[in-house]
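A.B. asks: Before we start, here is the structure in question, set down as structure tokens.
The values are calculated or read from the model by the stated rules, or taken from the named source; none is laboratory data. Note that the coordinates shown come from a computational prediction; the quantities given were computed from them, not determined experimentally. Cβ placement follows ideal geometry from the backbone for every residue including glycine, while neighbour counts extend to all protein chains displayed. Accessible surface areas use protein heavy atoms only, side chains included; no ligands, DNA or RNA. Shrake-Rupley method; radii C 1.70, N 1.55, O 1.52, S 1.80 Å.
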Amino acid sequence: MIRFVRKFQTSPIFPFIIALLCAGTVAQAETAPDIKPALAKDGFDEEEMRLAKAIHKRILDYQGIKKKTNNGKEEELIAFQDPLASGAHIDMLPVKGGEFTWRGEEEDDILKVSLSPFWMSKHEITWEAYEPFMLSPIPRQKDGQPLDFMRAQIKNDIEFIARPTPPYHPMTFGMKRDGHPALSMTQHAANKYCQWLSFQTGHFYRLPTEAEWEFACRAGSDTNSSWGADAQKAGEYAWFGGDASTHYNVPGKKKPNSLGLHDMHGNVLEWTLDQYVPNRREYFAKDKVHNPWVKATKPYPHVTKGGHWQQSLKEISAATRHQSTPVWKVADPQRPRSLWYHTTTPWLGLRIVRPAKIPTVEEMYHYWNSGVEADE
Amino acid sequence: MTHQPSEKKSTFSRRNFVKKGALGGAAVGLSPLGIPLVKAVEKAPKGKLKVGVVGLGGRGGGAVNDIMNIDSGTVLWAAGDISKDRFKKIEGISKKFSGRVDTDGGKREFVGFDAYQKVIDSGADIIILTTTPAFRPVQFEAAVAAGKHVFIEKPYALDIPGLHSIVETAKKAQSAGQSVLTGLVWRYTPHLMEMDKRLQDGAIGDILNVSSSYCGGGRPNQMPDPKFKPAEMSDMEWALRFWQNFLELSGDGVLEYHIHGIDRMAWWMGDQLPVRCYANGANIAPVKGANNWDSCNFSYEYADGRTSSFFGRQIRGTYSASGDNIVGTKGRAVAQGNSAFIEVDGKKIWEGKSNLGYQQEHEIFMKHIREGKVFNDVIGQSANSHAIALMGRNAAYSGQLITGEQIMASKDVLLKDIKNLTYETPFKARESAVPGKTKFL
């Protein structure tokens, strides 16, 4: 694997970055991202690395084709719709890079954050877009791999991407399904979903980092909510309501924020890539960070954002950080617990991002494989 | 619901026959023997209780975890499974419950079809039976004969002869002062227990009708096309690996899966055996090589003329929900997923919510064992739910009206000589049932 990584550094990625810079899709000069702990450079799971490499190639190839048919012009950072093989589609909206002040729960936890541009899905991912991934056409072992004795017969690499086992209990928790956000997947399942999506669309997808999520949610605002400080307006923008509310809702029925993103506040809680650290300023040990990511080192707690339909207005603010916990799997009757489902979270979903800059193979590997997905 | 009404006049008074005490007492109260037995009280164990698990799949690991969580005096003493890979799981248990796994350095970890007997003979006090359900009656009989308390995961009987065996064994356990817990977990789910109490107290009057459902996103343990079966793998090994697809090993989705919803329906109806059942069902989205159905509709009629129905489905991509609609003379109660409410005169008078009682069931079980009382939820409770499920399955498979007497007299044995079953035993799945053609035996 080390041999592969070395070979890669002299590969076509470098001219690609230059091209991207010249095209003006990346607004700022390349600054090293603040990723902590640093991403491992070796010791990769060979099979996962093989898949990352294959998908990376598909993404670069597709980019090349698009460029060719677009008279040599790079893709612009504008809204687009990504169709899936199942017939569903995902609307993606541009989020220009920029800076914002990141305030944490502790008073001294203040960070200046700068972010590179990305696209973010306009809506929370719905059952229509998620279920084709969740319900694998071929049988899966508990870790999501195809059965050993079937491997030789599998022709398409997309089937080697780990996928959920079938759910045992209804994952809609007695609520409606059509058009509604997919529910109760683990962060690992969400990561693998992004990988599966990347393979079939030729666009690199991942979960947003905690900073990207908050930046996109705030959309330039510095108040608790993207619509400002007026609590009276909350109902126009968000589904929430504490114990009085009875169900989640179809995304996009409330007003969007100024970037056009719907339901960033409320409806379903949304996964981010980051592990929860109580004080980010302290953790990064500097005042200003660029593309920060607290890479997970343990299965819990990870950060989820935006609050959900069953919470109060205070709990769905842009700054509020909700921590994942093993309690979310407390109703899982099996041991080891499922890598794929939380069993007590009828309010947990996801939204995806596509960074303007295509990451390296190694980065893709790390985005899609947390390595700490097992509970016990 | 549309139902062929019987000629019989309705004569019921629900509260007469369903009035029951608190849980635990409830099950035992229905048994012929009463509690507590002096013998059992004398035996109330104080210190360490040794747990032996037979079947280390997901539910085996889960049940061990739950029992060890609930009672800090338990240790994992012995384990058995037909697959060697499964024993890796013990490391995880050992990590979580430090110092409470003592399998004598692996000497009490047994592999093979006879592993159950070795676990039982290892000196364990409590046996957890979580193998493929076809083996349950044989293993339960052996565990009780050896004087053990037993947790039996649902389903525990896939045919009526198997059910008779389970009930016989459960009676023996009861008279010997050994506790038995069934893994029909909804019964021990706090908000439903609370709702039951209120219904017992007459919150909605007498219960007239219950309709229940259990619909999931798809069949568990998806089976590949049998053409993928490696040449060296026997038919029986293949079938055991994908047992949820085979009537002979799982009892159809009806027993394997839908029994949870059927058990709730039976609970609200007062744990009686219906007098008649007609039903339908089908293999709407068949899996190649599987003979289990994926859909069923059961209609039941009780001796007093009341009716109940059950709707079950396991087809991917379909609406999934699990719940009950209970209609009473004064109001109604609705359970849906993890929540429930009671409504009288159009007003909600109670609402409840909780997670499934996987911990609570073991809490009740262990409390009885520790206090020297006998817990037994088989007799009059889970055995009745199994009978109702079997009644529904047989009525649907055959397309005939099946009476309570007929079902209890069924002689059909799905898999013969289970005691001597190995991978070498020939296995040929029955044809998937066709109503009107498949005979009720």
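A.B. asks: So B:Glu153 passes all but one of these: (1) touching a Ser or Thr at 6+ places or on another chain (Cβ under 6 Å); (2) closer than 30 Å to B:Gly352 by Cα; (3) open to solvent by 30 Å² or more (accessible area, probe 1.4 Å); (4) of a type in the set (Asp, Glu). Which condition number does it fail?
C.D. replies: In the conditions (1) touching a Ser or Thr at 6+ places or on another chain (Cβ under 6 Å); (2) closer than 30 Å to B:Gly352 by Cα; (3) open to solvent by 30 Å² or more (accessible area, probe 1.4 Å); (4) of a type in the set (Asp, Glu), B:Glu153 misses (3) alone.
A.B. asks: Next question. Mind checking whether some residue in segment A:352-361 is assigned to a helix (DSSP H, G or I), modelled with pLDDT of 95 or more and either in contact with a Phe, Trp or Tyr (Cβ under 8 Å, 6 or more places away or on another chain) or within 12 Å of another protein chain (Cβ to nearest Cβ) (or both)?
C.D. replies: Yes, segment A:352-361 contains a residue that is assigned to a helix (DSSP H, G or I), modelled with pLDDT of 95 or more and either in contact with a Phe, Trp or Tyr (Cβ under 8 Å, 6 or more places away or on another chain) or within 12 Å of another protein chain (Cβ to nearest Cβ) (or both).
A.B. asks: Take segment A:31-62 and flag every residue that is in contact with an Asp or Glu (Cβ under 7 Å, 6 or more places away or on another chain) and farther than 20 Å from A:Thr297 by Cβ.
C.D. replies: Selection gives A:Leu51, A:Ala54.
A.B. asks: Follow-up question, since we're still on this one. Sort out which residues of segment B:301-322 are open to solvent by less than 10 Å² (accessible area, probe 1.4 Å) and at pLDDT 95 or above, and write them in order of number.
C.D. replies: Scanning segment B:301-322 gives B:Glu301, B:Tyr302, B:Arg306, B:Ser308, B:Phe310, B:Gly312.
A.B. asks: Please count how many residues of segment B:211-262 are out of contact with any Ser or Thr (no Cβ under 9 Å at 6 or more places or on another chain) and at positive phi.
C.D. replies: Selection size over segment B:211-262: 2.
A.B. asks: Filter segment A:318-344 down to the residues that are open to solvent by less than 10 Å² (accessible area, probe 1.4 Å) and away from chain B (no Cβ under 11 Å), then identify the one that is nearest to B:Gln359 (Cα to Cα).
C.D. replies: A:His342
A.B. asks: If you don't mind, another one. Mind checking whether some residue in segment A:325-335 is within 28 Å of A:Trp119 (Cβ to Cβ) and modelled with pLDDT of 95 or more?
C.D. replies: No, segment A:325-335 contains no residue that is within 28 Å of A:Trp119 (Cβ to Cβ) and modelled with pLDDT of 95 or more.
A.B. asks: Filter segment A:300-316 down to the residues that are assigned to a loop (DSSP other than H, G, I, E, B) and surrounded by 20 or more Cβ atoms within 10 Å (Cβ to Cβ) and list them by number.
C.D. replies: Scanning segment A:300-316 gives A:Gly306, A:Gly307, A:His308, A:Trp309, A:Gln310, A:Gln311.
A.B. asks: Which condition from (1) under 30 Å from B:Lys288 (Cβ atoms); (2) of a type outside the set (Ser, Thr, Tyr); (3) crowded, with 17+ Cβ neighbours inside 10 Å is the one that B:Glu431 breaks?
C.D. replies: (3)
A.B. asks: What single numbered condition from (1) more than 14 Å from every other protein chain (Cβ to nearest Cβ); (2) out of contact with any helix residue (DSSP H, G or I) (no Cβ under 8 Å at 6 or more places or on another chain); (3) part of a helix (DSSP H, G or I); (4) not aliphatic (A, V, I, L, M) fails to hold for A:Gly220?
C.D. replies: Unmet for A:Gly220, out of (1) more than 14 Å from every other protein chain (Cβ to nearest Cβ); (2) out of contact with any helix residue (DSSP H, G or I) (no Cβ under 8 Å at 6 or more places or on another chain); (3) part of a helix (DSSP H, G or I); (4) not aliphatic (A, V, I, L, M): (3).
A.B. asks: Take the residues of segment A:93-151 that are basic (Lys, Arg) and open to solvent by 40 Å² or more (accessible area, probe 1.4 Å): which is nearest to the chain's Cα centre (by Cα)?
C.D. replies: A:Lys122
A.B. asks: What single numbered condition from (1) more than 9 Å from every other protein chain (Cβ to nearest Cβ); (2) open to solvent by 10 Å² or more (accessible area, probe 1.4 Å); (3) in contact with a Leu (Cβ under 9 Å, 6 or more places away or on another chain) fails to hold for A:Asn156?
C.D. replies: (3) is the only condition that A:Asn156 fails.
A.B. asks: Related question: Residues of segment B:270-300 being open to solvent by less than 20 Å² (accessible area, probe 1.4 Å) and either in contact with a Lys or Arg (Cβ under 7 Å, 6 or more places away or on another chain) or part of a loop (DSSP other than H, G, I, E, B) (or both), which ones?
C.D. replies: B:Gly270, B:Asp271, B:Pro274, B:Ala290, B:Asn291, B:Asn292, B:Trp293, B:Asp294, B:Ser295
A.B. asks: I'd like to know if segment B:90-99 contains one or more residues that are aromatic (Phe, Trp, Tyr) and under 24 Å from B:Glu237 (Cβ atoms).
C.D. replies: no
A.B. asks: Now for a separate question. Answer with yes or no whether A:Lys41 is surrounded by fewer than 16 Cβ atoms within 10 Å (Cβ to Cβ), at pLDDT 95 or above and of a type outside the set (Asp, Glu).
C.D. replies: The answer is no for A:Lys41.
A.B. asks: Select from segment B:220-248 the residues that are open to solvent by less than 30 Å² (accessible area, probe 1.4 Å) and at pLDDT below 90 and list them in ascending order.
C.D. replies: Residue satisfying the conditions is B:Pro220 alone.
A.B. asks: Can I ask one more? Check A:Pro208 against each of (1) in contact with a Gly (Cβ under 7 Å, 6 or more places away or on another chain); (2) open to solvent by less than 10 Å² (accessible area, probe 1.4 Å); (3) in a loop (DSSP other than H, G, I, E, B); (4) more than 13 Å from chain B (Cβ to nearest Cβ) and name the one condition it does not meet.
C.D. replies: (1)
A.B. asks: Does any residue of segment B:403-415 turn out to be surrounded by fewer than 24 Cβ atoms within 10 Å (Cβ to Cβ), touching a strand residue (DSSP E or B) at 6+ places or on another chain (Cβ under 7 Å) and among the hydrophobic types (A, V, I, L, M, F, W, C)?
C.D. replies: Checked segment B:403-415: no residue is surrounded by fewer than 24 Cβ atoms within 10 Å (Cβ to Cβ), touching a strand residue (DSSP E or B) at 6+ places or on another chain (Cβ under 7 Å) and among the hydrophobic types (A, V, I, L, M, F, W, C).
A.B. asks: Taking interchain pairs and intrachain pairs at least six residues apart, which have beta carbon atoms under 6 angstrom, with the first residue in segment B:190-217 and closer than 18 Å to B:Arg306 by Cα and the second open to solvent by 10 Å² or more (accessible area, probe 1.4 Å) and assigned to a loop (DSSP other than H, G, I, E, B)?
C.D. replies: B:Ile204/B:Lys330; B:Gly205/B:Thr329; B:Gly205/B:Lys330; B:Asp206/B:Thr329
A.B. asks: Please go through segment B:92-110 and pick out each residue that is of a type outside the set (A, V, I, L, M), closer than 15 Å to B:Gly80 by Cβ and surrounded by 15 or more Cβ atoms within 10 Å (Cβ to Cβ).
C.D. replies: Start the filter on segment B:92-110 by keeping residues that are of a type outside the set (A, V, I, L, M), which leaves B:92, B:94-100, B:102-110.
So of that shortlist, the ones also closer than 15 Å to B:Gly80 by Cβ come out as B:103-104, B:106-110.
Within segment B:92-110, B:Thr103, B:Arg108, B:Glu109, B:Phe110 meet the criteria.
A.B. asks: Among the candidates B:Gly92, B:Gly21, B:Gly61, single out the residue that is within 14 Å of chain A (Cβ to nearest Cβ), more than 21 Å from B:Val150 (Cα to Cα) and either modelled with pLDDT under 80 or outside any loop (DSSP other than H, G, I, E, B) (or both).
C.D. replies: Numbers: B:Gly21 fails: within 14 Å of chain A (Cβ to nearest Cβ); B:Gly61 fails: more than 21 Å from B:Val150 (Cα to Cα).
Testing whether each residue is within 14 Å of chain A (Cβ to nearest Cβ), more than 21 Å from B:Val150 (Cα to Cα) and either modelled with pLDDT under 80 or outside any loop (DSSP other than H, G, I, E, B) (or both) leaves just B:Gly92.
A.B. asks: Then there's this: Restricting to segment B:64-89, name every residue that is within 14 Å of chain A (Cβ to nearest Cβ), open to solvent by less than 50 Å² (accessible area, probe 1.4 Å) and outside any strand (DSSP E or B).
C.D. replies: Across segment B:64-89, the qualifying residues are B:Val64, B:Asn65, B:Asp66, B:Ile67, B:Met68, B:Ser83, B:Phe87, B:Lys89.
A.B. asks: Still on this structure, please answer the following. Consider segment B:303-314. How many of its residues are part of a strand (DSSP E or B) and either out of contact with any Gly (no Cβ under 7 Å at 6 or more places or on another chain) or more than 10 Å from every other protein chain (Cβ to nearest Cβ) (or both)?
C.D. replies: We begin by selecting, within segment B:303-314, every residue part of a strand (DSSP E or B); these are B:307-314.
Going one step further and asking which of them are either out of contact with any Gly (no Cβ under 7 Å at 6 or more places or on another chain) or more than 10 Å from every other protein chain (Cβ to nearest Cβ) (or both), we end up with B:307-313.
Summing the residues that are part of a strand (DSSP E or B) and either out of contact with any Gly (no Cβ under 7 Å at 6 or more places or on another chain) or more than 10 Å from every other protein chain (Cβ to nearest Cβ) (or both) in segment B:303-314 gives 7.
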